[in-house]
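S.K.: Before we start, here is the structure in question, set down as structure tokens.
The values are calculated or read from the model by the stated rules, or taken from the named source; none is laboratory data. What you are looking at is a predicted structure, and each value in this text was computed from that prediction instead of being measured. Positions of Cβ are backbone-derived with ideal geometry, glycine not excepted, and every protein chain shown enters the neighbour counts.
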Amino acid sequence: MIVVTGASGFIGSNVAICLAERGETVVAADRYPPEEAGAAARHRYLNRTKIKAFVDRDDLHVWLANAGKALRGVIHLGACSDTTVTDREYVMRVNYEYTRALWNFCAREGVPLIYASSAATYGDGARGWDDERDPHLLQPLNLYGESKHRFDLWALEQPQEKQPPRWAGLKYFNVYGPNEKHKARMASVVFHSFYQIRSFGKVTLFQSHKEGIPHGGQKRDFVYVGDAVDATLHFFDTPASAQAPNGLYNVGTGAARSFEDLAQAVFSALGLPPKIEYIPTPEEIRDKYQYFTQAETAKLKRAGFSRAFKSLEEGVRLYVERLQGGGGAAGE
């Protein structure tokens, strides 16, 4: 039995579905209030998936205490991932303190813990994107990144006897793909581009406000969600070893691509000529805007995850096909 937190969210639902499809017993944990809205949330993406139980995140620690020997591990993907939230008490409680409690449980019970860190921990990238450099030097740009970074540092400080037998903090880069509709404004640019084209025949991207970088030339390491899932389960399935030690790992392609490339890929997948317009980056996020992200992937490969990630064009094509196929639980 494997617990997946954030199981009704983006990466979490994709992980839960993949585990269920390979025959694992999955327990989904997320915000599941007892009222009718909670039932709708439970089945947003998992209504065709065999799930053993749905557990509200506030009840999970009690549930875990009674799980017994059947529990094989926890994949913790639940978080407040909105980078614009400024309520420090809330973000630290959900992203830092909650994760510490899960860690302590897994360490005490001797079960693996794979958790979501974030590329947001790298800040503006001035100190690189290398998961093998001293993480104490990093300076995140927002509260979300700070909360993830703070937990990473705490985890690294724990003595071996207070660690889960297998743990990995995965620094996901810019993940896109099915099951992200609920993220609304925080959904990927691929998602928004598809619906902008369908509604208005064009895509709007942020202008560049940095000398030497053209509009649309801002770059990200875009990761198709299926690849993120495979990397997550690789660490869950792979025991700690000299080649794949416990620790922090980037999950990225290692190849930055521009937002113009991304928009072009969406138009191409739709068989349409590109029409791109640029608008000013909002003042409230302009000084926190990342102009470049690109994962260093040597550590990931040494840990045994050496297969190729999908190219931006291939991943976008697969996603657009899903969106065209009806969206909803099947694609959005």
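S.K.: Pick from the range 85-111 the residues that are at pLDDT 95 or above and assigned to a loop (DSSP other than H, G, I, E, B): which of them is farthest from Asp59 (Cα to Cα)?
M.R.: Once the filter is applied, the top-ranked residue is Asp87.
S.K.: Which condition number in (1) of a type outside the set (Val, Ile, Thr); (2) more than 20 Å from the chain's Cα centre (by Cα); (3) assigned to a strand (DSSP E or B) is the one that Tyr115 fails?
M.R.: Condition (2) is where Tyr115 drops out.
Conditions (1) of a type in the set (S, T, N, Q); (2) in contact with a strand residue (DSSP E or B) (Cβ under 6 Å, 6 or more places away or on another chain), marked per residue:
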residue	(1), (2)
Arg198	no, no
Thr204	yes, yes
Val225	no, yes
Thr238	yes, no
Val251	no, yes
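S.K.: Please determine, by comparing only the residues of the range 279-296 that are outside any loop (DSSP other than H, G, I, E, B) and among the hydrophobic types (A, V, I, L, M, F, W, C), which one is nearest to Phe206 (Cα to Cα).
M.R.: Filtering the range 279-296 for residues that are outside any loop (DSSP other than H, G, I, E, B) and among the hydrophobic types (A, V, I, L, M, F, W, C), the one nearest to Phe206 (Cα to Cα) comes out as Ile279.
S.K.: Okay, moving on. Quickly run through the range 124-154 and pick out the residues that are within 19 Å of the chain's Cα centre (by Cα) and closer than 21 Å to Glu109 by Cβ.
M.R.: Phe151
S.K.: Quick check on the range 237-253: of everything there that is outside any loop (DSSP other than H, G, I, E, B) and touching a residue at least 60 places away in the same chain (Cβ under 8 Å), which residue is farthest from Asp227 (Cα to Cα)?
M.R.: Out of the qualifying residues, it is Gly247.
The rows are residues; the columns are (1) surrounded by fewer than 19 Cβ atoms within 10 Å (Cβ to Cβ); (2) farther than 26 Å from Leu138 by Cα.
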residue	(1), (2)
Asp221	no, no
Val225	no, no
Phe267	no, yes
Leu272	yes, yes
Lys275	yes, yes
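S.K.: Would you please name the residue that is surrounded by the fewest Cβ atoms within 10 Å (Cβ to Cβ), looking only at residues in the range 194-209 that are polar (S, T, N, Q) and outside any helix (DSSP H, G or I)?
M.R.: Thr204
S.K.: Sort out which residues of the range 112-134 are in contact (Cβ under 8 Å) with a residue 40 or more places away in the chain and either of a type in the set (S, T, N, Q) or surrounded by 21 or more Cβ atoms within 10 Å (Cβ to Cβ) (or both), and write them in order of number.
M.R.: Those that are in contact (Cβ under 8 Å) with a residue 40 or more places away in the chain and either of a type in the set (S, T, N, Q) or surrounded by 21 or more Cβ atoms within 10 Å (Cβ to Cβ) (or both): Pro112, Leu113, Ile114, Tyr115, Ala116, Ser117, Ser118, Ala119, Thr121, Tyr122, Trp129, Asp131.
S.K.: For the range 138-152, state whether one or more residues are surrounded by 15 or more Cβ atoms within 10 Å (Cβ to Cβ) and small (Gly, Ala, Ser).
M.R.: yes
S.K.: Any idea which of (1) in a helix (DSSP H, G or I); (2) under 30 Å from Glu161 (Cα atoms) is the one Ala7 doesn't satisfy?
M.R.: Going through the list (1) in a helix (DSSP H, G or I); (2) under 30 Å from Glu161 (Cα atoms), Ala7 breaks only (1).
Conditions (1) within 16 Å of the chain's Cα centre (by Cα); (2) outside any loop (DSSP other than H, G, I, E, B); (3) without any contact (Cβ under 8 Å) to a residue 60 or more places away in the chain, marked per residue:
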residue: Ala184; (1), (2), (3): yes, yes, yes
residue: His192; (1), (2), (3): no, yes, yes
residue: Glu211; (1), (2), (3): no, no, yes
residue: Gly216; (1), (2), (3): no, no, no
residue: Val223; (1), (2), (3): yes, yes, no
residue: Phe235; (1), (2), (3): yes, yes, no
residue: Ala255; (1), (2), (3): no, no, yes
residue: Ser268; (1), (2), (3): no, yes, yes
residue: Glu277; (1), (2), (3): no, yes, no
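Table: residues versus (1) in contact with a Leu (Cβ under 9 Å, 6 or more places away or on another chain); (2) closer than 15 Å to Phe236 by Cα.
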| position | (1), (2) |
| --- | --- |
| Thr86 | yes, no |
| Val91 | yes, no |
| Trp103 | yes, yes |
| Arg108 | no, no |
| Leu113 | yes, yes |
| Ala119 | no, no |
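S.K.: Right, something else. Please find, within the range 71-84, the residue that is surrounded by the most Cβ atoms within 10 Å (Cβ to Cβ) out of those that are in a loop (DSSP other than H, G, I, E, B) and of a type outside the set (A, V, I, L, M).
M.R.: Across the range 71-84, the extreme among qualifying residues is Gly78.
S.K.: I would also like to ask the following. Scan the range 24-44 and give yes if some residue there is under 22 Å from Tyr144 (Cβ atoms) and part of a helix (DSSP H, G or I), otherwise no.
M.R.: Yes, there is a match, as at least one residue in the range 24-44 is under 22 Å from Tyr144 (Cβ atoms) and part of a helix (DSSP H, G or I).
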